[in-house]
Amino acid sequence: MKGFSTIAIHGHEHVDAYGSHVPPIYVSVVYEYVDQELGLAKFTDRGTNLKYGREENPTTRALERVISKLEGAEDALAFNSGMSAISTLFLCYLRPGDKVVVPMELYSSVFVLLDHLASKMNIRVVKVWPSAEAIVEAVDRSTSMIFIESMTNPTNKVIDLEYLSKSLDLEERTLLVVDNTFTTPVILKPIKYRARLVVHSMTKYFGGHNDVVGGVIAGYRKDIAELWEWRRLLGGILQPFEAYMVMRGVKTLEVRFEKHSNNAMAVAEYLAEHPKIEEVLYPGLSKNPYYSIARRIFEKPLFGGVVSFKIKGSYSDVVSFVNRLRVIKRSPSLGGTESLIVIPIKAGSQFIEPEHRQKLGITENLVRLSVGLEDVNDILEDLGRALNY
Ligand code: PLP
């Protein structure tokens, strides 16, 4: 079983007495002890006890097997949100005195969380320009973790993972964690580039329909075993109904990601030629400064569904443009069936430091569009009508 979609569909490995092809939603929170006196429970396929729903659930486990294979990992753990996965990871690995290197452009709530942890736990967070070169320069012997996103949000910069993995001593001392939410394993498998852990907000492309919140960490068996204990203590396991929803979403991940990417490419090309557009930030455009890195490290010539662009005009022109859209909805999040738009300085990037926002190009006239799965002509028509008003 090698093909991406074959694994996505069959990789759960669920077998039962009925011959079900779809793993059922196991709602039971409790499971029979094998030997009550000895406190012996049944074992899961990874050797943990199956006895209580905060620790393991067979539906959630089936999803984890799929994701682990798709990422080329040894194991995975599903959480009830992306932030639950990320906060568990930080609490598991960070110790007082540690230095964490992050790009200055990162999902805002991760910055807020790191700031809280920095003040409570005496952790030093060093924010650098989102490039492999700047990260390599910032890493020293006190660096315990590098946390990056495969494509930055909202300006779609691509960090050269190949350069990073060749230039750093990543083995034991420095943990490379890659948030692969924007790119998904359809086009990028960070473990190939020596990432020790890969995280996702499954709320995005994995779920894919804007109807489920979830997160996941994939990695080596030894790391996942440590994280398993922290998930058990912090209580963040993904619940079975949500696990089923994500498992259903993942079956069509490859076809959806292709359509998101193709729609987004058409939108980026259209906007790049539009007289009311100042700049389009999409690594699929050959003139984009990140195009060559993306072509080299992405497994397919697909660049995801997020297109950011700057409108010629003031902030109020941008607000009026967004308010004129009909098919595209004004909402946060990305990677789902519906096309969604936000103005990053008000929604998402407000916790990036103002001088960093300026350097990164997160300006008042920037919008971030998550291109959905609607007919691309309807999306283009919606954009055109709102721009040509
Ligand atoms: N990572 C990225 C790149 C995100 O965009 C988000 C949410 O937008 C998260 C993590 C957090 O995920 P969740 O909202 O599922 O907690």
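The values are calculated or read from the model by the stated rules, or taken from the named source; none is laboratory data. The model shown is predicted, which means the values in this text are computed figures rather than measured ones. Virtual Cβ from ideal backbone geometry, glycine too; neighbours counted across all protein chains shown.
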Filter pass, Leu38 being outside any helix (DSSP H, G or I), in the same structural domain as Ala218 (by TED's automatic domain parsing) and in contact with a helix residue (DSSP H, G or I) (Cβ under 6 Å, 6 or more places away or on another chain): no
Regarding Leu325, is this residue within 25 Å of Trp129 (Cα to Cα), surrounded by 15 or more Cβ atoms within 10 Å (Cβ to Cβ), touching a strand residue (DSSP E or B) at 6+ places or on another chain (Cβ under 8 Å) and assigned by TED's automatic domain parsing to the domain that holds Asn262? no
From the list Leu302, Leu325, Leu360, exactly one residue is of a type in the set (A, V, I, L, M, F, W, C) and farther than 26 Å from Gly208 by Cα. Which is it? Leu360
Inspect all residues belonging to the stretch 156-169 and state whether any of them is surrounded by fewer than 24 Cβ atoms within 10 Å (Cβ to Cβ), within 14 Å of the ligand (Cβ to nearest atom) and closer than 30 Å to Glu374 by Cβ. yes
Filter the stretch 196-224 for residues that are in contact (Cβ under 8 Å) with a residue 12 or more places away in the chain and either outside the structural domain of Tyr93 (by TED's automatic domain parsing) or over 30 Å from Leu340 (Cα atoms) (or both) and give the result. Arg196, Gly219, Tyr220, Arg221, Asp223, Ile224
All-but-one check, His260 against (1) away from the ligand (no atom under 15 Å from the Cβ); (2) in the same structural domain as Ser331 (by TED's automatic domain parsing), failing number (1)
Can you run down the residue pairs with Cβ atoms below 8 Å, 6 or more apart or on separate chains, where the first is in the stretch 1-21 and under 15 Å from Arg61 (Cβ atoms) and the partner is of a type in the set (Gly, Ala, Ser)? His12/Ala62; Glu13/Ala62; His14/Ser20; His14/Ala62
Just name the residue that is surrounded by the most Cβ atoms within 10 Å (Cβ to Cβ) out of those in the stretch 97-117 that are under 9 Å from Phe351 (Cβ atoms) and more than 10 Å from the ligand (Cβ to nearest atom). Phe111
List the strands (runs of 3 or more DSSP E) inside the stretch 47-128, counting only whole elements, that have at least 1 residues being touching a residue at least 40 places away in the same chain (Cβ under 8 Å) and more than 19 Å from Ile191 (Cβ to Cβ). 99-103, 124-128
Residue identified as within 16 Å of the ligand (Cβ to nearest atom) and touching a Lys or Arg at 6+ places or on another chain (Cβ under 7 Å) among Gly249, Gly208, Gly236, Gly215: Gly208
Out of all the residues in the stretch 7-35, which are of a type outside the set (A, V, I, L, M, F, W, C) and either surrounded by 14 or more Cβ atoms within 10 Å (Cβ to Cβ) or outside the structural domain of Asp75 (by TED's automatic domain parsing) (or both)? His10, Gly11, His12, His14, Pro23, Pro24, Tyr26, Tyr31, Tyr33
Quick test for you: out of Val199, Val267, Val255, pick the one residue that is within 16 Å of the ligand (Cβ to nearest atom) and aliphatic (A, V, I, L, M). Val199
Would you check which residues across the stretch 137-154 are away from the ligand (no atom under 16 Å from the Cβ) and part of a loop (DSSP other than H, G, I, E, B) and list them? Val139, Asp140, Arg141, Ser142
In the list Ser316, Ser308, Ser349, which residue meets the criterion of being closer than 17 Å to Ala268 by Cα and not assigned by TED's automatic domain parsing to the domain that holds Ser150? Ser308
For Leu188, are the conditions met, namely being at negative phi and within 14 Å of the ligand (Cβ to nearest atom)? yes
Filter the strands (runs of 3 or more DSSP E) completely within the stretch 260-370 down to those with at least 1 residues that are touching a residue at least 40 places away in the same chain (Cβ under 8 Å) and over 28 Å from Gly249 (Cα atoms). 277-281, 306-311, 366-370
Residues in the stretch 271-291: is at least one more than 24 Å from Glu364 (Cβ to Cβ), among the aromatic types (Phe, Trp, Tyr) and either crowded, with 17+ Cβ neighbours inside 10 Å or at pLDDT below 95 (or both)? no
Suppose we keep only residues that are at pLDDT 90 or above and among the acidic types (Asp, Glu) within the stretch 36-58. Which one would you say is surrounded by the fewest Cβ atoms within 10 Å (Cβ to Cβ)? Asp45
Give the residues of the stretch 25-46 that are under 32 Å from the mean Cα position of the chain (by Cα), free of Cβ contacts under 8 Å to residues at least 60 places away in the same chain and more than 21 Å from Lys222 (Cα to Cα), sorted by residue number. Ser28, Val29, Val30
